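Undergrad: The structure is given below, and queries will be raised subsequently.
The values are calculated or read from the model by the stated rules, or taken from the named source; none is laboratory data. These numbers come from a predicted model, not from an experiment. Quick reminder, even Gly has a Cβ in these numbers, built from the backbone with ideal geometry, and neighbours come from all protein chains shown. Note: areas computed on protein heavy atoms with side chains; ligands, DNA, RNA excluded. Shrake-Rupley method; radii C 1.70, N 1.55, O 1.52, S 1.80 Å.
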Amino acid sequence: MHFQLTDDQRALRNGIREMLAGWFGRDRLRAAVDDPVLDRALWRELGAAGLFALRLPEAAGGVGLGLPEAVLTLEETGRVLLPGPVVACQLLAGVVAGVADGDRIVGLCDGAAEPVLWEHPEDCDELILLDSPDSLEGSGGAQGRTREAYRVCRSPAGQVARTPWTSVDPLTPLAAVITTTAVTASATATVTDPSRGAPLVAGLDVPRLRREAALLTAAQQLGSAARTVEMAVAHARERTQFGAPIGSFQAVKHLCAQMLVRTEIARSAVYAAAVTGDSLDIAGAKLLADEAAVRNARDCLQVHGGMGFTWEADVHLHLKRAWLRAERWGAAREAEERLAAGLIAGEAGTG
């Protein structure tokens, strides 16, 4: 198998990078920090460019691409710290009308998490909550549940009871979901599966949505990790100490080299998981991408020295976003447990 990017994939990645650089540069990033309300005009521009409809079939007005291309796209949004529920809108473009075009903004919550946090609660038009009935807890776990065993609640934003939740990331307002007056999407809706272009008559495939949410979040973490490498190297070249660039000092060289190694290991895992779609591959990719994003942001801050701790520098924004994403759609402890269980099951199967 060949895991190198094709010419079309490289063109897609470069095109998204150029587009985001023009539409969401540093000035717009800092403006979003001061005012975290989502820019609806920007969101519509992203929708018109096909960012959310990337995986919808062409017959449904989409681009007709797959999960690997979605990963490349979300990686670029992670590089620029694009705010908003990008993962949710990418996954639900075929579920909620208007999301693919950027006209409506939808939030996606994991009801299995504690607490249940909703990103950008004041800016979203609808909330979709992935949950499972309490009566199913302890009956074999997630691996033993069928698609119909999950509950998918869909609510207008105004019908969701919530309480403000302090967010470490100034670009990502949060609220804790208390109750929702909802309809069960799995009982009322026929939804298009973007990966196959076929209707899911029984409703949303919740396990697949959770897996892909974790993978796309890992892609965002990968983009942030790669960007902090660039920031650290650029600063190490420009900043001088004792009459020489600090990048010439061995300690700084080693720090930057370790950042690059972490990023490339995470990149291999994320890209491979996008090809296989395997749940354990995705868990491993999320674990490695979270580690790369958090540790690289910390090391980037160290390379910047005192100025890295200031509000004016962008380093802290990458660190805070990495902390937040590391707890979304599979924290480290959950991924480690899943990988350990997979290894044990594999050993038992070969014994």
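Undergrad: For the chain, what does the helix formula give at 222 nm: sum of -39500 (n - 2.57) over DSSP H segments with n ≥ 4, over the residue count, nearest 500 deg cm²/dmol?
TA: Numbers: 11 runs with 175 residues, N = 351.
The helix contribution divided over the chain gives -16500 deg cm²/dmol.
Undergrad: Now for a separate question. Over the alpha-carbon set of the stretch 1-131, work out the extent along each principal axis and list the three values in angstrom, largest first.
TA: Per principal axis, max minus min of the Cα coordinates gives 41, 37, 28 Å.
Undergrad: Then there is this: Under 10 Å, Cα contacts only: if you run a Gaussian network model on the chain, which one of PRO164, PRO68, PRO36 comes out with the highest mean-square fluctuation?
TA: Per the Cα network of the chain with a 10 Å cutoff, PRO164 tops the list.
Undergrad: Which of VAL106, VAL71, VAL96 moves most in a GNM of the chain, Cα contacts under 10 Å?
TA: VAL96
Undergrad: Let me ask another. Which of rounded, prolate or oblate describes the stretch 42-105 when judged by the alpha-carbon gyration tensor and an a/c cut-off of 1.5?
TA: oblate
Undergrad: Additional query: So what is the relative contact order for the chain, in percent, with contacts set as C-alpha pairs under 8 Å and at least six apart? Please list the in-between numbers first.
TA: Details: 590 pairs, mean separation 52.4, N = 351.
Reported relative contact order: 15 percent.
Undergrad: Using DSSP loop states and a limit of at most 11 other Cβ atoms within 10 Å to flag chymotrypsin sites (Phe, Trp or Tyr not before Pro), what is the longest stretch of the chain containing no flagged site? Let's see the in-between values first.
TA: Details: sites that count: PHE3, PHE242, TRP311.
For chymotrypsin sites (Phe, Trp or Tyr not before Pro) (loop position, at most 11 other Cβ atoms within 10 Å), the longest site-free span of the chain is 4-241.
Undergrad: With the cut-off at 25 Å, report for the stretch 229-351 the share of all Cα pairs above it, as a whole percent.
TA: Working: 2762 of 7503 pairs.
For the stretch 229-351, the share of Cα pairs beyond 25 Å comes to 37 percent.
Undergrad: Moving on. Pairwise over distinct Cα atoms, reciprocal of the mean inverse distance: report the Kirkwood radius of the stretch 5-78 in Å, one decimal place.
TA: On the way: mean 1/r = 0.0754 Å⁻¹.
It works out to 13.3 Å.
Undergrad: Rolling a 1.4 angstrom probe over the protein heavy atoms, how many square angstrom per residue are accessible across the stretch 203-351?
TA: Details: 6810 Å² over 149 residues.
So the stretch 203-351 comes to 46 Å² accessible per residue, rounded to a whole number.
Undergrad: Can I ask one more? With Cβ to Cβ distances under 11 Å as the rule, what net charge do the other residues near ARG30 carry (K, R +1; D, E -1)?
TA: Details: positive: ARG26, ARG28; negative: ASP27, ASP34, ASP35, GLU312, ASP314.
With Lys, Arg at +1 and Asp, Glu at -1, the net is -3.
Undergrad: Translational D (Stokes-Einstein, µm²/s) of the chain at 4 °C and 1.567 mPa s when Rh comes from the Kirkwood sum over C-alpha pairs? Can you show the working numbers first?
TA: Values: Rh = 21.0 Å.
The calculation lands on 62 µm²/s.
Undergrad: Taking the chain as a Gaussian network, where each spring joins two C-alpha atoms under 10 Å apart, which residue of ARG28, ARG211, ARG262 fluctuates the most?
TA: The residue that fluctuates most here is ARG28.
Undergrad: Summarise the accessible area of the chain (1.4 Å probe, protein heavy atoms) by the percent that is carbon and sulfur. Show your work: numbers first, answer last.
TA: Numbers: 8730 of 16130 Å².
Solvent-exposed carbon and sulfur of the chain make up 54 percent of the total.
Undergrad: With just the Cα atoms of the stretch 271-319, tell me how far they stretch along each of the three principal axes, in Å, largest first.
TA: Taking max minus min along each principal axis of the Cα atoms, the stretch 271-319 gives 42, 15, 12 Å.
Undergrad: In Å, what is the Rg of the alpha-carbon atoms in the stretch 207-273, and how long is Dmax?
TA: Gyration radius and largest Cα-Cα distance of the stretch 207-273: 15.8, 57 Å.
Undergrad: Please work out the average accessible area per residue across the stretch 1-111, using the 1.4 Å probe convention, and give it in Å².
TA: On the way: 4670 Å² over 111 residues.
Using a 1.4 Å probe on heavy atoms only, each residue of the stretch 1-111 averages 42 Å².
Undergrad: Determine the sum of side-chain charges near ALA236: Lys and Arg each +1, Asp and Glu each -1, restricted to other residues whose C-beta is under 13 angstrom from that of ALA236. Don't skip to the end; give the middle numbers.
TA: Details: positive: ARG237, ARG239, LYS253; negative: GLU230, GLU238, ASP299.
Residues close to ALA236 contribute a combined charge of 0.
Undergrad: Taking the alpha-carbon centroid of each part, what is the distance from the stretch 288-351 to the stretch 86-105 in angstrom?
TA: About 27 Å separates the Cα centre of the stretch 288-351 from the one of the stretch 86-105.
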